[in-house]
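The structure appears right after this line, and notes come after that.
The values are calculated or read from the model by the stated rules, or taken from the named source; none is laboratory data. This one's a predicted model, so the numbers in the text were calculated from it and none came from an experiment. FYI the Cβ positions are ideal-geometry reconstructions off the backbone, even for glycines, and counts take in every protein chain you see.
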Amino acid sequence: MPEKLVVGNWKMNPPSVADAVALGRDVAAHGQTGVAVGVAPPAIALAAVADALRGTAVAVYAQDLHWAERGAFTAQIAAAMLVDLAAGSIVGHSEVRRDQCDDDARVAKKLARAVEAGLRPILCVGESAAQHAAGEATAVVARQIAADLAEARHASLDRLVIAYEPVWAIGTGTPATGEHASAAARAIRAALKRAGLDGERVPILYGGSVSARSVGEFANADGIDGALVGGASLDADEFGAIVRAFA
Ligand code: PGA
């Protein structure tokens, strides 16, 4: 059985570093449930939140990283800058793909850089609304998995996590169904196998409008091992309820 894991993706929230530290402390105060818990604060709050959470059971993740080792990349963050602060990094989130024009080639380079640096990658894949309407979800995620893993050495992928995040479900208040997520998870595991990995051991998280109300759908879905939670992770009590649903 893959490990169970719930990660809060805070995106460009909360408004200040002090608020991020307070939120991190509130998340940690919920205690342990047997489910691994992580939070991904904005880069500017990473060091302060990492300090506040040192010694707790809550792991800190970055939201993104650059593929290059170092150099002239204004505004970017290198994997080496993250290793002392974060357990891992989200890679290939659809908002980064959209706003920073990341394609699968760049995502593959970022993933390779993350694992080379010892960061646990949470690779996000998922179909757009148009692809969903065309019934292409499973084909799209299979294609993304193959392309996004192309640069990493297999030996370094033993702690890979996949987040299945249908783009049309993110921030809309309309999550996918558990059945849809399970079908995607099956396609993802088959694609991992084709890529030479043991897909049965890789945790697959569902993301996209997960809330305390909708989480049961995914906690009970075959092949789903946790959640990547956006909006609802900004409320420590609601996030705690989501974590407990997977326990
Ligand atoms: P949401 O975001 O829970 O606000 O839909 C999830 C994500 O983008 O990771």
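Structure notes:
- Within segment 159-186, residues that are over 14 Å from VAL215 (Cα atoms) have Cβ atoms under 9 Å from residues that are within 9 Å of the ligand (Cβ to nearest atom) and among the aromatic types (Phe, Trp, Tyr) in no pair, counting only partners at least 6 apart in sequence or on another chain.
- First in segment 208-221 and without any contact (Cβ under 8 Å) to a residue 60 or more places away in the chain and away from the ligand (no atom under 12 Å from the Cβ), second anywhere and assigned to a helix (DSSP H, G or I) and hydroxyl-bearing (Ser, Thr, Tyr), Cβ under 9 Å, 6 or more apart: ALA221/SER182
- Filtered residues of segment 20-41 (kept if surrounded by fewer than 17 Cβ atoms within 10 Å (Cβ to Cβ) and modelled with pLDDT of 95 or more): ALA22, ARG25, ASP26, ALA29
- For the residues ALA190, ALA181, ALA245, ALA236, the requirement of being more than 20 Å from ASN9 (Cα to Cα) and at pLDDT 95 or above singles out ALA190.
- Failed condition for SER233, given (1) in a helix (DSSP H, G or I); (2) free of Cβ contacts under 8 Å to residues at least 40 places away in the same chain; (3) near the ligand (Cβ under 10 Å from one of its atoms): (2)
- Among the residues of segment 81-107, those that are within 15 Å of the chain's Cα centre (by Cα) and not polar (S, T, N, Q) comprise ALA86, ALA87, GLY88, ILE90, VAL91, GLY92, HIS93, GLU95, VAL96, ARG97, VAL107.
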